Amino acid sequence: MSYYRKTIVPNIEAHYENLSAVEKNIADFFISNEEDMDFSSRHISSMLYVSEASLSRFAKKCGYKGYREFVFKYKESFGEKDHQITGQMREVFDSYQELLNKSYNLADEAQLRRIAGKMSECRRVFVYGKGSSSLAAREMQFRFMRLGLDMDAVDETHTMRFHSTIVQEDCMAIGISISGRTEEVIECLKQAHCQGAYTVLLTANDRPEYSEFCEEVVCLAAKKNLDFGNIISPQYPILVMTDILYGYYLEIDSSVKRARHDNSVMLIKSRQIQDKDEGGEEEQ
């Protein structure tokens, strides 16, 4: 039987952007608070220097009938027992928790920092993956490109073979294969290694022979039949390591990378607005 803490904080966070400045201050308090106290409207309003009416509006914007119902739900998180779940819901949460714990134990901080540093030195990065791994490869590409890194996600067999021949010494080749047996990915890494590229393999099954053509082997959390996606997405352990790697890469010349990220986001939003306006003109 598994237990998980029941809290309405995620619900507050989900409505955060729709709140006024005063209501966001109220939200910040309830999100960060970890102490069971007097949550009466009179006490909280005096402590936060807001009106009781503001507390009521805040609660309603979060989907509750009023502040009293909000507080009742909020106080449940301070109960002695965590919420008990069973069945399919339990199995999914337990699976994610197991993989997260395993990822924590497998993550090699020095190794991931080393790879991030090498990324900053490389002219171009190629990421190879097939099936579900290709989806994770594309997510990696989109995220790192926003920081200004020239990265290509490649998942089509013939394109993979072509790309592996143009990889040079100033490039990095990253292969993603949970099983470690994806033939196309392994062959691309071998070819890239022969051409002097810095090669990295993300896999849940490390093997001695990988050292022959990989500078780095990043071990992913494993669960039986994960590569078939029986219960949860097999991309999950890949994305966890990607997030950590992204964080370390962002630390290097962070001000420059953050400026590039903000600029790319602004360009994407402006393009979306432009496309929307053009669509409206066509309808007219």
Which whole-Hz ³J(HN,Hα) couplings does the stretch 117-123 yield from phi under the Karplus relation 6.51 cos²θ - 1.76 cosθ + 1.60, θ = phi - 60°, glycine and proline marked x?
x, 5, 4, 5, 8, 7, 6
Length gained when the stretch residue 14-residue 121 is fully extended (0.36 nm per residue, less Cα-Cα span):
34.7 nm
In Å, what is the Rg of the alpha-carbon atoms in the stretch 84-201, and how long is Dmax?
16.4, 55
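Pairs 75/102; 6/130; 130/223: which are spaced more than 29 Å apart, C-alpha to C-alpha? Kindly include the intermediate steps, with their values, before the conclusion.
On the way: 75/102 32 Å; 6/130 38 Å; 130/223 19 Å.
Listed pairs above 29 Å: 75/102; 6/130.
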In whole angstrom, and with the biggest value first, how far do the Cα coordinates of the stretch 104-167 range along each principal axis?
35, 26, 22
Extension gain, residue 34 back to residue 253 (0.36 nm per residue minus Cα-Cα distance, nm):
75.3 nm
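The numbers here are math on the coordinates, done by the rules we state, and not lab data. Note that the structure is predicted; figures quoted are calculated from it, not measured.
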